[in-house]
1. Provide the net charge surrounding A:Asp241, with neighbours chosen by a C-beta distance below 15 Å and charges set as Lys +1, Arg +1, Asp -1, Glu -1.
2. For a quick protection proxy, order the peptides B:59-69, B:339-349 by their average other-Cβ count within 10 Å, most packed first.
3. Find the relative contact order for chain B and round it to a whole percent, using C-alpha pairs within less than 8 Å whose residues are 6+ positions apart.
4. Can you compute the helix-only [θ] at 222 nm over chain B? Use -39500 (n - 2.57) per DSSP H run of at least 4 residues, normalise by all residues, nearest 500 deg cm²/dmol.
5. Grab every C-alpha pair in the range B:279-345, bin the distances at 10 angstrom width from 0 up to the longest one, and report whole percents.
6. Across peptide B:189-195, what mean number of C-beta atoms from other chains lies inside 10 Å of a residue's C-beta?
7. In nm, one decimal, shortest first: how far is the label point of B:Glu56 (7 Å from Cα along Cα to beta carbon) from the matching points in the other copies?
8. So for the range A:1-143, taking the charge dipole from beta-carbon charges (+1 Lys/Arg, -1 Asp/Glu), which of A:Asn117, A:Met71, A:Leu9 sits furthest toward the positive end?
Number of protein chains: 2
Amino acid sequence: MAYDKFDKLVAERTTQWTEELSDYCRIPCETAQLPELKRGAAWTADRLRKAGAKIEIIEKPGVAPLVVGEMGSGPRTLICVQHYDVQPAAPLELWTTPPYEPAIRDNKLFARGVSDNKGQFLIRVQAAEAYQDAIGPLPIKIRFLVEGEEESSSRHFNSMLQERPDLTAGDGSLQEGGGLDAQDRPTLICGVRGILYVELSVRTLNYDAHSGGASLYENAAWRLVEALATMRKPDGTVTIDGFYDDVRKPTDKQLARLKTVPFEEAKLKAIYGATRFVGGKTGGDAQVAQLFAPTCNIAGIWSGWTGDDAKTITPAEAHVKIDMRLVPDQDPEKVERQLRAHLDKRGFNDILIKNWGSEHPYWGPVDAPIVDAAERASTAVYGSKPLRLFSSPGTAPQYQVCNPHKLPMVAIGYSHPDARVHAPDENVRLDLMPKAAMVLGRFFDEFSRT
Amino acid sequence: MAYDKFDKLVAERTTQWTEELSDYCRIPCETAQLPELKRGAAWTADRLRKAGAKIEIIEKPGVAPLVVGEMGSGPRTLICVQHYDVQPAAPLELWTTPPYEPAIRDNKLFARGVSDNKGQFLIRVQAAEAYQDAIGPLPIKIRFLVEGEEESSSRHFNSMLQERPDLTAGDGSLQEGGGLDAQDRPTLICGVRGILYVELSVRTLNYDAHSGGASLYENAAWRLVEALATMRKPDGTVTIDGFYDDVRKPTDKQLARLKTVPFEEAKLKAIYGATRFVGGKTGGDAQVAQLFAPTCNIAGIWSGWTGDDAKTITPAEAHVKIDMRLVPDQDPEKVERQLRAHLDKRGFNDILIKNWGSEHPYWGPVDAPIVDAAERASTAVYGSKPLRLFSSPGTAPQYQVCNPHKLPMVAIGYSHPDARVHAPDENVRLDLMPKAAMVLGRFFDEFSRT
């Protein structure tokens, strides 16, 4: 099939698509900001409707709506798992331009959510729309599941899907995200890590004490530090009792395949100005860890006086937020129980655990026909074969969507390693935007033939 | 000497003094808030002037002024080391009534600074004024040194005093604070602990990373936790290399005297709702630790996402504020060097140390004539002997004032263990206010005769 007309239309629409994306990113759909999330859901539904999708909005009290959009028809059904919510933009002072006032610099568009995941969602809709306008009816059915709780572990997504098994019926799933590696080589991601997000809190006193009493009064911050010190070694090894029990070891076949994937160590370090990786890992060890090693990450910690100058108190309470990225076959509920038992065993039964959300890992087969289809589409546009990756280092609710029918999955997108997702100055590269659409248009055809 | 007229005047003025104290506490003289500190200094100078003191204000650019007030004359000069600055009132939501809107409940006056140290300063001035009005000219010279940086380790006080040796010439020092123990027994404090207040900061990345990269990118919060874990044991022992080198061991005589001082363990725990003391210490061990053990206290720690809900980042930077209470003969500058060497030795040379202030410990002799004088005055009012304490668990700039001439010192005041100094709902007991004035009036006479 010739894609000349399609590619021409994509090129013509890139400016308009950039404006649409800017418009979308002006809505501060931050986790837990329900009114803004509802505005984001409405914008999402309108845009899908404009592209010809049939819309259904699934709402629960107090929950960001799930927008379901269906378009096209054909022998295959592709489930696009997407989200319109974004990570909090704070710390605001580190943004070059305000996070919700999209700005173009160096042919990049900067805004919170522009890459994760508004840009990646929108390009799927825009590509499908351009396909219809340039080529004709879509050769597959695409079902968009666009949720508003992805950045908070999709905590209601699963129950919404369980009530509606029709939504997870299909032949394969197109994940959120996807993109290029540090050398601009396109990648195809075939799995996601799971997550357990917890907050540990401890209170040792009724209220902060004058620190002159520190010889006697227990300091909540010290108590938390002591507990944390039992949970992880400086080399990144998680020391929570039993944490690795269910971790599937990489197979020889996986390791052999991984060796064929380039690992741009110097570039990966340069992006964040890192002088070394955790535990001094390097080369193949670092690459294996990035995919196969679950983590225990402090996302935030706070206690006592955090203002300017000096305040001399013994803090009464302390908090830490921790996310653990999980790999097959870890189960977040089991890991939470392991953490509770670990703390109790060491006398930390005064430390409370609040669960802020969790997700199972999900790795689809890397040699599935949907991945082959994506490879053909990507190769046609980029001129060289994309890299097949077992898993994203991140998390997405693929388990909820794919596990009921063990669907294969792939991510095709235009994110890049310096996209600063979850960080200040999040961005997309505008040169990559039309390419992603060109790959997606071809993928719809390729997938219809699997 | 009969004090009938004096005691009567004290009783008559208690309401007016409470109103004055409320007025004083409406000025939010928080550390580093220079305009408010200057208002506080002006109020302080006006009040001293009204009592007949000769005022000198010592100013340096960017520094809270030192208010010097002299009143009275006689064979003895008493140096009253006081301050008008207060600890930050945050967290505001934990105050029953706003910290700078003084309020009376249960015969207590609540406000930030009401006990530490505005109330304690004011009662000294009010007592001297009442003495003059009821009895006649003061029998001693009182030199008030009222600074505005006490809560931030008096960082310019020392250099101000070094330029003016006349200010530290005298026969004894009346410290800030002072008060009653948990059984309402008056105490006489004869020393203070020193302090080293530092902020440790570490940066591992140029900006926060998506926590999907936690297998590779170093987490600043973890790095700080790892460093902290090397600095203190859960039982409170400080494990910074060399930290105890200069700690003077309690003598048998000191320990024998300490045994005569009651230790209200249950009451001390009840004040803060503590179920145990650090390291499970109890009885005499806890009492010895409270006085003789230096501390390493986390006053605040922060890194990454501290907002609501879940944000999944690997923080690029982390900070902790630490105050160490020092005992004779520890030297804060040496302890800071020890900390630097300790961190460097363990590979933490990327952790920066910022010094927010420091003070030497100072213990005067517990059997000095000034303490005898204070004991006679206190006994005359309370009917039983006060407890002589080697040291406050807290810090005050006594070293700067007393060390040049090795002056003896004592603290006489009306603070109480539930005064919540440095904490929300700071308060003074109004029943104790006139008693403190009555002791002080008698003390002026007793001290003149030493």
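1. On the way: positive: A:Arg232, A:Lys233, A:Lys334, A:Arg337, A:Arg340, A:Lys345, A:Arg346; negative: A:Asp245, A:Asp246, A:Glu336, A:Asp344.
Surrounding charge for A:Asp241 is +3.
2. On the way: B:59-69: 18.4, B:339-349: 15.3.
Packing order, densest peptide first, comes out as B:59-69, B:339-349.
3. Details: 956 pairs, mean separation 114.6, N = 450.
Computed over chain B, the figure is 25 percent.
4. Details: 12 runs with 146 residues, N = 450.
Estimated from H runs of four or more residues: -10000 deg cm²/dmol.
5. 15, 32, 28, 19, 6
6. Values: counts 0, 0, 0, 1, 2, 0, 4.
For this peptide, the per-residue mean of nearby foreign Cβ atoms is 1.
7. So the distances to the same position in the other copies read 8.6 nm.
8. So the residue furthest toward the plus end is A:Met71.
Values quoted throughout were computed directly from the atomic coordinates according to the rules given, and no laboratory measurement underlies them. Just so it is clear, the model here is predicted, and its values are computed rather than measured. All Cβ positions, glycine included, derive from the backbone under ideal geometry; neighbour counts span all protein chains shown.
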